[in-house]
Amino acid sequence: MTVRVISGTARGRKLKSVPGDTTRPVMDRVKEALFNILAGDVIDSNWWDLFGGTGAIGIEALSRGATFVRFSDLNRAPVETIKENIEQCGFVKQAEIRKGDAFSMLSAQVDRQFEYIYIAPPQYQEMWSKALKLVDENIHWLTNDGTAIVQIDPKEYEELELNNFEESDQRKYGSTLIVFYDRLN
């Protein structure tokens, strides 16, 4: 499957895939639906693409006018792929790439706030709920009007006890479920 930038300044650019089968690229229709829902809110926003993979979500956000994206991934192959894709799309100055464990990063001292944290981890390991609970505990990763967005298989979904979030929306596209959690003020 070819991953490409759908809209914005880098529209049509093909993104390199991560070698092997450690990542699952987001389908164009899911990406398009996500960004149609967010619409103009993407402009001037800051993102954290937590389980970066190819970087497709963060790069799409930058292409559509986001100010900054932090990409993180545990493995070297995705980190190298994200670097190449960011360079190819011309977003080096607006991006930061960190190699490391997402849970350790979320548990660390908050060093920046984001309007959006995108959580699309490896499937069927309950990593999404662990990550979301860590954001809930360290809510200052998000701005006051921030949103955590989770991308999972619908079979993985469960309601979580959260103190600082309310689930505001969910959309299903085939075997992909996108769930929006808005920060409570």
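Here, each number is a calculation from the coordinates, and none is a lab measurement. Bear in mind that the values here come from a model prediction, so they are computed numbers and not experimental data. Every residue, glycine among them, receives a Cβ derived from its backbone with ideal geometry; neighbour counts consider all protein chains shown.
Could you list T54, T9 so that the one with the fewest beta carbons within 10 Å of its beta carbon is first and the one with the most is last? Working shown, then result.
Values: T54 24, T9 13.
Lowest count first: T9, T54.
Among the aspartates and glutamates, which fall within straight-line cross-link reach of K99, defined as a Cα-Cα distance under 14 Å, with same-chain neighbours fewer than 8 residues apart omitted?
D49, D73, E80
Per residue, how much space in cubic angstrom lies within the convex hull of the C-alpha atoms of the stretch 93-176?
Working: hull volume 10.1 nm³, N = 84.
Per residue, the Cα convex hull of the stretch 93-176 comes to 120 Å³.
Sorted by packing (mean other beta-carbon atoms within 10 Å per residue), highest first, where do 126-137, 35-46 land? Numbers along the way, then the final one.
Working: 126-137: 19.0, 35-46: 15.0.
Put in order of decreasing packing, that is 126-137, 35-46.
Sequence-distant or interchain residues sharing an amide H contact under 5 Å with L177, placed H: which?
Counting only residues 5 or more places away or on other chains, the set is I152, D153.
Could you state the principal axis extents of the C-alpha atoms in the stretch 66-137, from the largest down, to the nearest angstrom?
34, 26, 18
Which lysines have a Cα less than 21 Å from the Cα of K93, not counting those fewer than 8 places away in the same chain?
Output for K93: K14, K16, K83.
Amide H neighbours of A120 under 5 Å, counting only residues 5+ apart in sequence or on other chains, H built in-plane at 1.01 Å?
L50, F51, Q151
Could you list W141, W48 so that the one with the fewest beta carbons within 10 Å of its beta carbon is first and the one with the most is last?
Details: W141 23, W48 29.
Lowest count first: W141, W48.
Take every Cα pair under 8 Å in the chain that's 6+ residues apart, average their separations, divide by the length, and report that relative contact order as a whole percent. Please list the in-between numbers first.
On the way: 374 pairs, mean separation 31.3, N = 185.
Computed value for the chain: 17 percent relative contact order.
Quick one: which residues, 5+ away or cross-chain, put their amide H under 5 Å from the amide H of G146? H built at 1.01 Å from N.
R183
Enumerate the calculated ³J(HN,Hα) couplings along the stretch 164-181 in order (Karplus 6.51 cos²θ - 1.76 cosθ + 1.60, θ = phi - 60°), each rounded to whole Hz, writing x wherever the residue is Gly or Pro.
10, 10, 10, 6, 9, 6, 8, 9, 10, 10, x, 8, 10, 10, 10, 10, 9, 10
Could you check what % of the DSSP bridge pairs in the chain are antiparallel, to the nearest 5?
Details: 16 of 33 bridges.
If we restrict to bridges inside the chain, about 50 percent are antiparallel.
Counting Lys and Arg as +1 and Asp and Glu as -1, what is the net charge of the other residues whose Cβ lies under 13 Å from the Cβ of T143?
Working: positive: R112, R183; negative: D41, D44, E115, D145, D182.
Every neighbour counted, the sum reads -3.
To the nearest µm²/s, what D does Stokes-Einstein give for the stretch 3-183 at 37 °C and 0.692 mPa s, using the Kirkwood radius over alpha carbon pairs as Rh?
On the way: Rh = 16.0 Å.
Rounded to a whole number, D works out at 205 µm²/s.
May I ask you to list the aspartates and glutamates whose Cα is less than 19 Å away from that of K155, ignoring any residue fewer than eight positions away on the same chain?
Partners found: E126, E167, D169.
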